1. Residues that are surrounded by fewer than 19 Cβ atoms within 10 Å (Cβ to Cβ) and within 24 Å of the chain's Cα centre (by Cα): does segment 153-165 have at least one?
2. Tell me which residues, restricted to segment 93-131, are touching a strand residue (DSSP E or B) at 6+ places or on another chain (Cβ under 9 Å), open to solvent by less than 80 Å² (accessible area, probe 1.4 Å), modelled with pLDDT under 95 and assigned to a loop (DSSP other than H, G, I, E, B).
3. Looking at Ile191, is it under 24 Å from Phe98 (Cα atoms), under 17 Å from the mean Cα position of the chain (by Cα), surrounded by fewer than 16 Cβ atoms within 10 Å (Cβ to Cβ) and not small (Gly, Ala, Ser)?
4. Filter segment 166-178 down to the residues that are open to solvent by 80 Å² or more (accessible area, probe 1.4 Å) and of a type outside the set (Gly, Ala, Ser), then identify the one that is nearest to the chain's Cα centre (by Cα).
5. Please indicate, with yes or no, whether at least one residue in segment 39-48 is part of a loop (DSSP other than H, G, I, E, B), at pLDDT 85 or above, aliphatic (A, V, I, L, M) and over 22 Å from Ser237 (Cα atoms).
6. Somewhere in segment 66-89, is a residue over 19 Å from the mean Cα position of the chain (by Cα), at pLDDT 70 or above and open to solvent by 40 Å² or more (accessible area, probe 1.4 Å)?
7. For segment 137-152, name all the residues that are within 21 Å of Arg124 (Cα to Cα), out of contact with any His (no Cβ under 7 Å at 6 or more places or on another chain) and open to solvent by 10 Å² or more (accessible area, probe 1.4 Å).
8. For segment 135-194, name all the residues that are on the phi > 0 side of the Ramachandran plot and of a type in the set (S, T, N, Q).
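The values are calculated or read from the model by the stated rules, or taken from the named source; none is laboratory data. Here the structure is a predicted model, which is why all the values come from computation and not from measurement. Cβ: placed from backbone, ideal geometry, glycine included. Neighbour counts: every protein chain shown. Note: areas computed on protein heavy atoms with side chains; ligands, DNA, RNA excluded. Shrake-Rupley method; radii C 1.70, N 1.55, O 1.52, S 1.80 Å.
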Amino acid sequence: MEELIRTAMENTRGPLYYRIKESIKAGINGGFIKPGDVLPTEERLMEFYGVSRVTIRRVISELIEEGVIEKDFSKTPKVKKDFLNRNLNTYNGLTDEFSRRGLKMSSYIHHTEVIQADKNLAERMEVEKGTELLYVERVRYANSDPLVINRLYFLNELIPGFDPYRLVNESFYAILESDYSLKIARADQKITSVLSSNKQTALLELSEKTALLHVESLGHLENGSIAEFSDNYYIGSRYSIEFTAIKE
C-alpha cells in the first residue's frame, strides 16, 4: 500500500496537501482501505507524510467535503460506506430485499406497545378512532451499521399473539405470510427530506445533525384494505431510492 501511495503522490501535480489527498483516495480506490475502515490517526499520517497537523486536517476536511470519508458518532474519520440502493418499482420488505444481496439485517427494538389510533392515524389508515394498533419503534441495521429508524403501526386484531421482539432478527413480512397468511400487496409512499432531530442523531449514531430521507408508507393487503402505516427515517448519505417513471 505504501508503494501505491508514494506512486500516486509522485504522479500527481499540485500543492502538497492535494497530492496527499489524492494518494489517500488512491489507497481507497485500490481496495487497500475499505468502506467503513478507520483512517490512520492524525499522528500516524503526520509521521508518514512528514507534514504538519494543519496540513493533515485540511486533507481530512476536503475528503469529508468530497464525500470520500465521513465521521460517525465517535467523530472518527472513516471511509464512507457504499450507498444502499433500493428500487421502488416493486415492494419488498427491507430485510427480504437486502438479505438477498448478502447484507445481514437486524434491529434494536427501542419501544413497543399496543396503542389506540388517534385522529391522525385513524384517518391515514381508514379505521375508527381508538382502533388498537401495535406500535413498534426500532433502529434497523445493515451489517451492524445503523441505517433507518422505523416506526411501525399495524392493526393489532390481525396479528394476535405476535411477539414484536421477533423483529430483532426476523422479517415482519415473512412472519405475516407464514404465521397469519397475510400479504402486503402494495404500498403508497411519500418521500421527503428532513434534518435529524437530537434523538434521531443519537439513535443513528451520527456525529451531527444530518439530512434524512423521510419515507411514509401505507401498506395494503391483497383485499385492498390498509393494515399498516410505516414511518421511516433513512440516513441520506447511505441510502438511495430509484424507480422507473413512465410518461403519460
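1. Yes, that holds for at least one residue.
2. The answer is Gly93, Leu103.
3. So Ile191 passes the test.
4. Across segment 166-178, the extreme among qualifying residues is Asn169.
5. no
6. yes
7. Hit for segment 137-152 is Arg151, nothing else.
8. Asn143, Ser144, Ser181
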